Amino acid sequence: MSLAPLKGPLRVIQLPLVHWGWLIQRTGAQITENFKAIAAIDANDIIRGVVGYDNWTPNSVQCHMAVDTPAAWKALVYDNDAPAFRYPFEECGRDIIIAIIHESNAASCKLVDHFGFTETHRILDGVKPGEALILYEMRKADCRWLSRPTRVRPALKVAG
């Protein structure tokens, strides 16, 4: 399926429950009833990217990310005061974001490394024999996105 060209900047919204399948379909994430997500949507209200949060503990949360266009990263990370990181760290008060990625998913490994996540552990054969599951973390104290000057919009509130 080909997406229509982007018209103007993307907006970041709370992703309603009815659209959680967008992320699940692209990532294979197994979500719980505590799942929350934000989305970058275009002028036609088409979802272009999602960051979901699940497996909450008092100090950490696991994230799942997918986009259909690089412009979604601009809305979710580079602009709008970095809501992908601001939401779990500042609004939810967590100190650690965890990402778990299949070793064979080189593009995602490269992306989280670019965002500033640190590889903390490899579970050998964690996906299947011969393929590791890689655990990454980002600590609030190390998140460069929070120390950048505010750009574009005020705080994002996600209900729940």
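Where a number appears in this text, it was derived from the coordinates with a stated rule and is not lab data. Here the structure is a predicted model, which means the values were calculated and not measured. We place every Cβ from the backbone using ideal geometry, glycine too, and count neighbours over all the protein chains shown.
Need one word for the stretch 72-153: rounded, prolate or oblate. Basis is the Cα gyration tensor (sqrt eigenvalues a ≥ b ≥ c); a/c below 1.5 gives rounded, then a/b vs b/c decides.
prolate
Whole-Hz ³J(HN,Hα) for each residue in the stretch 116-123, computed from phi via Karplus 6.51 cos²θ - 1.76 cosθ + 1.60 with θ = phi - 60°, x for glycine and proline: what do you get?
Once rounded to whole Hz, the list reads x, 5, 10, 5, 10, 6, 10, 9.
What ranking of 143, 92 emerges when the number of other C-beta atoms within 10 Å of each C-beta is taken as an exposure proxy, fewest first?
With the fewest neighbours first, 143, 92 line up as 92, 143.
What's the angle, to the nearest 10 degrees (0 to 90), between helix 106-115's Cα axis and the longest principal axis of the chain?
It is inclined by approximately 70 degrees.
Put +1 on the Cβ of every Lys and Arg and -1 on every Asp and Glu Cβ in the chain; which of 104, 35, 114 then has its Cα farthest towards the positive end of the dipole?
114
Based solely on its DSSP helices, what 222 nm [θ] is calculated for the chain when runs of n ≥ 4 H residues each add -39,500 (n - 2.57) and the sum is averaged over all residues, nearest 500 deg cm²/dmol?
-3500 deg cm²/dmol
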